[in-house]
Structures are given as C-alpha cells and as structure tokens.
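These notes are about the structure you will find just below.
The values are calculated or read from the model by the stated rules, or taken from the named source; none is laboratory data. Just so it is clear, the model here is predicted, and its values are computed rather than measured. Reconstructed Cβ throughout: ideal geometry from the backbone, glycine too, with neighbour counts over all protein chains shown. Ligands, DNA and RNA are excluded from the accessible area calculation, which covers all protein heavy atoms including side chains. Shrake-Rupley method; radii C 1.70, N 1.55, O 1.52, S 1.80 Å.
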Amino acid sequence: MKFILYTLAIIILGYLGHTFLPWWSIVIVAALVGLFTDYSGIRAFSLGFLGVALLWGVYATFVNFQNEGIIASRLGELFGGMSPTIMLLITTLLGGFLGGLGTLTGNQGRKLFSGAKK
Amino acid sequence: MRIIKFIVILLITFGFTYFINNPIDIKPRAIPPIGKLLNPFTGFWNNGESVNQFNDRSYQFDGLSGKAEVTYDEQLIPHIFAENLKDAFFIQGFITAKHRLWQMDISTRAASGRLSEVMGELTLKNDQLQRRRGMVFAAENALKGWEKHPEDIQNLNSYTAGVNAYIQSMKPRDYPIEFKLLDYKPEAWTNLKSALFVKSMAQSLCMRENDLESTNTLSVFGQETFDFLYPLQNPKQSPIVPKGTIWDFEPLEIPEKKPILMGLYDHKPFEKPAPFLGSNNWAVSGSKTKSGQPILCNDPHLAMTLPSVWFELQITTPGSQSYGVSLPGFPGITIGFNNDVSWGMTNVGHDVVDYYKILWSDQSRESYILDDQVKPVRLKYETYKVKGGKTIIDTVRYTEWGPIVYESPEHPMKDLAMRWIAHDSGPNELNVFRKFHAAKNFDDYYEAVQEFVVPPQNVVFASSTGDIALKIQGKFPLKREDQGRFIQDGSNSDNGWHGFIPPNHFPQVKNPERGFVSSANQHSTDSTYPYPYHGGFEDYRGRTLNMLLDSMSEITVQDMMDLQNNNFSSKAADALPLMLSLLKTPASDDTEKKILQDLKSWDYYFDKEDISPILFNYWFSEFYNLTWDEMQSKEEELKLDLLYPESWRTIALLEEAPDHDFFDIKNTPAIETAQEVVTLAYEKALEKIKEKLNNNKDYNLGLHKKTKVPHLGRIDAFGSKILDVGGDATALNVVRGNHGASWKMIVDMSKPVKAYGVYPGGQSGNPGSPYYDNMLDHWANGKYYEKLFLKSASEGGDKILFRETFN
C-alpha cells in the first residue's frame, strides 16, 4: 500500500517539478521520496523506476497519440531508423533508470542518518 | 561503509544526470544532450503537436495600440485583422516567430557569419567568407537608410517587438526542435537581423558574375576568341521588353570604353548561385482572358527548404486587405495581391558586383594607392566564438571600393576588393511592401517600386481596372562598355561607376499590344537599349513563355496553372534535331534501336514518365564536356578557373561552325569535328542509360531526378521524402536538384479577386507538426489551393481552425 502511495507521490510531485523546474528536477523528486523509504536498495530503486517510467511513459504515449507519431518518427529516423514505439520504450526506460537512481540515493541517504539496521 | 556506499550512489546519480544533460562532443557534430532531449516534458516529445485539436487563445501585449484578431484557415494560414499597419506588423512578427523561429535565427546567423557559434568548426569557413563579404556592413548601412524614415522604422520596430514578444513568452520546452538538438537558446530579434535577411536574399540573387573567370579566359585565349565564344546577346533571345521597343528618353552620356586589364588569378572563385535558380512571372490582359479581366502569375524559384522559404498570410487594416507570401524575418507581403492590384517578382541578372585589383603601398597591406595617393585601409576585426572550440579573430580590410574578399599572402598584388551595390546605404525597402498593401492602381504600383533596389527584380503588375505592367527595378550603375565584366585596376578612381542609370530610364512595359507582359530571368532588352549591361541571363524559359503566351487566347486560370507546370524545353528543341542530324553509327541491337527511336520521336517535354529527357541531358552534357575539353586542360595546366561558354552558344556553334577547331578533342591524334564529338558523346550517354535500364526497366525521369526538399540545417530526417516530379532547369516548370518553384501563385483580377497558390512545404516550421509539409503533395502534383481572402474576422465558417485575439 505504501509502495503505491510513494509511486503516486513521485508521479504527482514529478509532474509539478516538470511544470515549473528544469527537467532534471525529477531526480531530486525521486530522491526526496526515497528519503522516506526504509526499503532495501533493490526495492527503493524499483519504486523510483516504476514511478518515473509511468510518468514519462504515459505522458509520452499521450503526446505521441495526439501527434499521430510524427515527431517520434522524425527523431527515430535521426537516431538511425527507430520506430515511434522504440522511441517510447527508450524514453520510458531512461525515465525509469533516472527515477531508480534518484530513489536509491534518497533511500541510502536516509540509512546514513536513521541508523537503522540493515 | 554506509557512507562510502551512499557517496558512490550519489556520484553515479549525479554523474549520470549531468552526463545526459550535456552534449557529447564527438567531431564533427556533437551528440545532443540525451536527457534534455528525451524527457517528454521539455524534450522533443513536446514538439509533437496535436494533429487535430486546436484551441482559441487570447494574448495581451503593451506593444499594441488597438485590438486585433487572427483567424487560421485549413492550411494554417493566418488572416490578421488589425486597427493599423503597425499593429499588423507586430502580429506578423509574433506569429512568424511562433511558426518559424529557428529558421529566422539560423538564416540570419548564416548571413552574418555566426553559424559556427552554434554549429561548431564545420561552418567556420563559411562564416569567414560571409564576414569578408561585409554582410553585416551591408545590413548596418541598410538600417541607417531605413532609420531616416520614421513611419517605416516604427513599423519595423513593431515587427521586431512582435518577434521578441513571442521569444519572451517561451519556456525551454517550447523551443523549436532544432534549438534542442543543437542545444542553444533563441536570442532576441533586432532590426539589424531584418536588414541581414534582405542582404542575404541579395547575396543569393546578385552573385551571378564571372569577373575572375572572364579575366583569366580573356588573358589565356585572347580578345578575338573571347568575343567569339562569349557574345553578350543571344540572337534567339526573346527579351523581357519586346524587341523593337522605342526608348523615349535622352540617355546620359556613356563613358568611353577603356582597355581591359589582363591577368591570371588563381583565387578559388566563390560558389555561384545555381544557374537554374530562376523564376517566372507574367500578366495577361483582359483581351486575352476568358473572363475579360487580367490574370497575374508568379513562381519564384529558390533553393527549396523545410521549413519553407515563404510564410503565407493575409493582412487586413481599415480600408486595405492584402494577401500573399512573406519572408520570415521581414515585415509585409513580398509577393501577393489586394482587392485592386497584384504583384510578383523575378530576379534581374544585371551584374551589380565588380572586383578591383588593389595596389598595396607596402607589404603590411595597411594602405593602398588610389589616384597616386596613399590611402589607409579600415581594419575590421572579426571574432568567431566557435562552439566547443576556441575563439578566433581575423581581420577584414576595407578599401574605398569595398572589402577585400579575395586575398592570397603569396601574391598580395592580386588581392581583390568587392564593389557591391548591396553595400550602399539609401533605399528604403521597407516602404515598398507597405505601399503595395494599400496600392489601388498603376500609379500606386509605380510609386511603390521606386525604392526597391537590391536585389534588382522584374516586378510584374496587374490591376482589376485592366492594366498590366512590368518594370525592371533596381539600382544599376552607369558603366562603360564591358566595364565590370572583368577585374579592374583599383588604383584609378576613374574605373569606378559613373553614377547610376536614372530610374525613369529603366526598361519597362505597360499594356503592350501583344496583350501580355512576362519575365523569366532573361535579358531585359534587345541590343538597342542605350546603356551597356551584362550579367547572368536565362536563355530558354523566356522564349518558351513568350511563344506560348503569344499563341494563347480565351485564357482561363487552369491554362495558367498548366503553363506554370509546363515541361517543354527550348534547349532540347534547339539542340536535339542538330545533334541527331550529326549522329553517325545508328544503334545496333533492338534495345538500342528502341532507345534512339524514342529519342527521335520525343516532344521535348521533360515529363516524369519519360526516359528520353534523361538521355538528352546525358548526351548534351557529354557533348558539352568533350567540346570544351581545352578549357578543362588549360584549367588543370594553369591551376585556375576559366569561364565555360554558355550552352546556347555551344548549340549555335554546332549549327554555324561544326568544323571549328574547338570541336577537336585535344588528347587524340585525329582531328575531330562536331560529327565525331556528337557521336562519341552519344555512345557514352547510351552506355549510361542502358546501365540504368538494366537495373530497372521502368526507369524514368521522376525516379532519376530524386527531387527532395531538404531541411534548412541539412538534418536528413527533417527533409521531405523523394517526390515524383518532372521538369528541368530549361523548362518553365523548373525542378532540378532541390531547386524549384518555392511558391506558385495565380491571381484572377476579377471582382472579387480570386487567387490560387501552393508551395512545397507548409506553414509550420516544426517537423513535429502536420503543417510542416502538408502542401508538398499538392505542389508535386501541380495542384493549387484556392485562397481564402476574408473581409472580416467573423468570415470563413468551418474553414477556420482556430482564432487568436490580441489586446
């Protein structure tokens, strides 16, 4: 249950960050949420991965749908002939990886100060 | 332990984020910052516009004096309704920037030699060339002239403010995709950039000179051969002002001819505009049309690009409404129409660029001798802030003639200064298009074009009251015979221009008996025009155009569309019968017989389904190269550039002097005549065409041409697909490489006026918009859109996509 709440927190705060702050604010958002977690490293990483992958993936899919794939095909061609679907996948994975790194960093930071046992 | 683990993870997170927020510097082009580019909120996804959802919007700006409204029609063409022209230009600036900001930025950067600031070392050479040509110097001088006219400079200020209002409203996520890929930010627009834009048009249209090659050729081959190979007038030419026109003015005194300064120059000549860069315009009077009203047509040919060369719009102010295409970076409508008149442009080929050999007074090249006096050069330091590299400074030397554009440290006495009309201050190009907007009749048109100076243009006109006219407009130096055809001695001011031809002596036609006026970049006049001139002129399209217009009557709009898309080549009609008559050794096998048979029955139309036009072009170019082999071998021997004879002259020689020594191929012991050369050329051409047919038996001109509209920044993925089109450099439907009609317009001057047009691209400059290239197929298929010319902002009904209001 908590995991879902944390995921939602990343999505909502991440979206706000993307609206008002530079794009890399998503990493800070993920790290901040990560600070609240006492998960294992892998679970913390998964949390950020899922949250940001969802946010980026769903948003990009929405844009791509409205745009009927025009910009994704052009950029895909520029990157050596990738389809819009592949472009979506890469975007989602990149977002997930960044989010995972963010939450993991926060999570490790908390462990530094909380003194909790591993 | 924990602290180390934390620090490692933190560093990885930070490092990775930093890494993907910055470009990776791999030569020659850096890889864009991946994270910035891929994140869907500020990256490239954000440039993906919704294809079918449009929202009305309203804006508020202090720069506006009244209310204004803009309605966008189905082709995303804005119709501006403003309370005055100043407001209209603000909005034109705002919406042009909204759709074309990167194009505006990159084209003015290219003009002023600032590309390498964003593109890196790749473009440095190009930048240095632009600086040496004094493009910024030219733009600054233009602006000085404009600033003397308060009303016009206020209008330009308003346009600039409109562009900047848009730039200020942007967030990084709104930046055009090219800014994101090249990782730089838009900078503020300035009046100087608008001036630069005009000068860059002048540069691409004025530089049709061969002073350097002509001087070399004259010095190598001597006067007699030169005169024989390079006559100024083509006897077959059908000039813009009809042959036999009486010049009803007393010409100024022409200075006496002077001997030509011989010399050999091994500077690499500047790249010339492609010889087929040309345009057509014409107007037919009511006596030749079905409706009884004039029809005006114009198709300017420029290097086609995406984002498109032109931005289409309607401007409405109380009492005046005009419609047409504008240049992204300059206020007003350049080619278009209003309720009463229509106007269009083609380029004038008169040589307005001359070169002067500088006599340095010493090795330092800081002073030179003019009329026995020592004059200092003005040194201009040019700074290049190369992206991802160092800052480079070099020096451009300005003489009284102009900047030193050709220089070589080994032979400083061959340094050349450029005298170019576009460096001069004075004309007020701004008021030309302001006046066209409100023009009601011939007199208004005549007054409007007066200050149109650079680049010189053939300005065609038609009115709903039945007048048609064409004026050759520009600023033309008064030259002695052959002056400026060759490099001149820069140590004597008498070699300079002796003033200018008075504007009322410019060649012009109004309501001629033949019922039409026309131009296709050919000679302005026949040889009776009292002022000597030379330059680069087209030899085939003008003849086709005049021949066809002459034969037409009861003309409809459809006839005019067909004429703009006409593929007939006068060059093929001139050359092919001659070449066929000289051809020995008929084809041997069946395939070869069939190929030759097809060629013999070819109608000289460059239609996309045919193969004969490919064979003709192969054959002619092989024949041309074999004929002028002595030019090539001399060039290699002397390591310099020569002038090659024009194709019309080569064809004329084939007819008049088939035994001439020039037809002999110099590296063979035998003495060849035109017959052998034509035959040998055919064999070579036949081999080429057979190879094409072996690979694809359905090979044709459309496949062969591989016509594409490339991206302005040469990003392949942002260019068009390959288009299946016909046409040729010598046909009215000029399509060659990426050159072609950048806008086709037909205006029927009935009441109310009806207009049709199309261009190869779309209104949006965003590769992520369906309006980036939506008109391309229509253009390729020779189809047109009927234009929506709205009386009020409430008109248009379901043809309106959305509205914007400005307060």
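Annotations
- One decimal place: the segment residue B:364-residue B:232 gains 43.5 nm when fully extended, by the rule 0.36 nm per residue minus the C-alpha distance.
- Charge dipole of chain B about the Cα centre (unit charges at C-beta), most positive-ward option of B:19, B:597, B:423: B:19
- Here the ratio of the Cα radius of gyration of region B:332-407 to 2.2 N^0.38 Å is 1.83.
- Gap separating the Cα centres of region B:358-374 and region A:23-95, nearest whole Å: 66
- Pairs from the list B:36/B:86; B:98/B:385; B:571/B:634; B:199/B:791; B:148/B:268; B:193/B:479 with a Cα-Cα gap above 30 Å: B:36/B:86; B:199/B:791; B:148/B:268; B:193/B:479.
- Interface size B-A, as summed buried accessible area [1.4 Å probe, Å², nearest 100]: 3700
- Relative intensity, log₁₀ I(q)/I(0), of region B:652-807 from a Debye sum that treats every alpha carbon as a point, q = 0.09, 0.13, 0.20 Å⁻¹: -0.55, -0.87, -1.27
- Considering only B:95, B:677, B:511, the residue lying farthest towards the positive end of the dipole of the protein assembly as shown is B:95, judged by Cα position with unit charges set on Cβ.
- Relative contact order [Cα under 8 Å, 6+ residues apart], region B:397-492, whole percent: 17
- Taking a quarter of the surface of the Cα convex hull of chain B gives a mean projected area of 40.9 nm².
- The magnitude of the dipole of region B:135-231, with charges of +1 and -1 set on the Cβ of Lys/Arg and Asp/Glu and taken from the Cα centre, is near 640 debye.
- Helical mean residue ellipticity (222 nm; -39500 (n - 2.57) per DSSP H run of 4+; nearest 500) of chain B: -10500 deg cm²/dmol
- Gain on full stretching of the segment that runs from residue B:655 to residue B:668 - 0.36 nm per residue minus C-alpha separation: 2.3 nm
- Ranked by the mean number of other Cβ atoms within 10 Å of their residues, highest first, the peptides B:154-162, B:412-420 come out as B:154-162, B:412-420.
- Ellipsoid fit via the Cα gyration tensor, region B:242-350: semi-axes of 36, 25, 15 Å, each the root of five times an eigenvalue, largest first.
- For region B:361-494, the Rg and Dmax computed from alpha carbons only, in angstrom: 21.3, 65
- Distance violations [Cα-Cα > 27 Å] among B:594/B:783; B:144/B:440; B:471/B:744: B:594/B:783; B:144/B:440
- Contour minus Cα-Cα distance for residue B:447 and residue B:683 (0.36 nm per residue): 79.3 nm
- Per residue of peptide B:30-42, the mean number of Cβ atoms on other chains within 10 Å of the residue Cβ is 6.
- 10 Å Cβ neighbours from other chains, averaged over peptide B:713-722: 2
- Ratio of the Cα radius of gyration of the protein assembly as shown to 2.2 N^0.38 Å, where N counts its residues: 1.06
- Shown for chain B are the DSSP H helices of 20 Å or more along their axis, judged by Cα atoms, with a mean Kyte-Doolittle hydropathy of at least 1.6: B:2-20.
- Student exercise, the protein assembly as shown dipole from Lys, Arg, Asp, Glu Cβ charges, in Debye to nearest 20: 4880
- nm² value of the averaged projected area, convex hull over the Cα atoms of region B:637-684: 4.3
- For region B:683-748, dividing the convex hull volume of the Cα atoms by the residue count gives 140 Å³ per residue.
- Relative contact order (%) - chain B, alpha-carbon pairs under 8 angstrom, separation at least six: 20
- For region A:2-114, the orientation-averaged shadow of the C-alpha convex hull comes to 7.3 nm² (one quarter of the hull surface).
- With a Förster radius of 60 Å applied to the C-beta separation of residue B:716 and residue B:7, the computed FRET efficiency comes to 0.85.
- Packing rank of B:385-398, B:668-681, B:761-774, where each peptide gets the mean count of other beta carbons within 10 Å, highest leading: B:761-774, B:668-681, B:385-398
- Two-decimal ratio, region A:32-81, of alpha-carbon radius of gyration to 2.2 N^0.38 Å: 1.63
- Those GluC sites (Glu not before Pro) in region B:87-192 that DSSP places in a loop and that have at most 16 other beta carbons within 10 Å: B:147, B:187
- Within region B:71-203, the ratio Rg/Rh, alpha carbon atoms throughout and Rh by Kirkwood, equals 1.00.
- Applying both filters, DSSP loop and at most 10 other Cβ atoms within 10 Å, to the chymotrypsin sites (Phe, Trp or Tyr not before Pro) of region B:251-321 eliminates every site.
- Here the dipole of region A:2-114 is about 360 debye; that uses its Cα centre as origin and unit charges on the Cβ of Lys and Arg (positive) and Asp and Glu (negative).
- Partner shielding of A:17-26 amounts to 5, given as the average count of beta-carbon atoms from other chains within 10 Å of each residue beta-carbon.
- Computed helical MRE - 222 nm, chain A, DSSP H runs ≥ 4 contributing -39500 (n - 2.57), nearest 500: -28000 deg cm²/dmol
- Gyration tensor (alpha-carbon) shape descriptor, region B:86-155, a/c threshold 1.5: oblate
- DSSP beta bridges fully contained in the protein assembly as shown are about 90 percent antiparallel.
- Selection from A:52, A:72, A:34, by position along the positive dipole direction of region A:2-114 (Cβ): A:34
- Translational D in µm²/s for region B:570-705 (Stokes-Einstein at 20 °C, 1.002 mPa s, Kirkwood Rh from C-alpha pairs): 136
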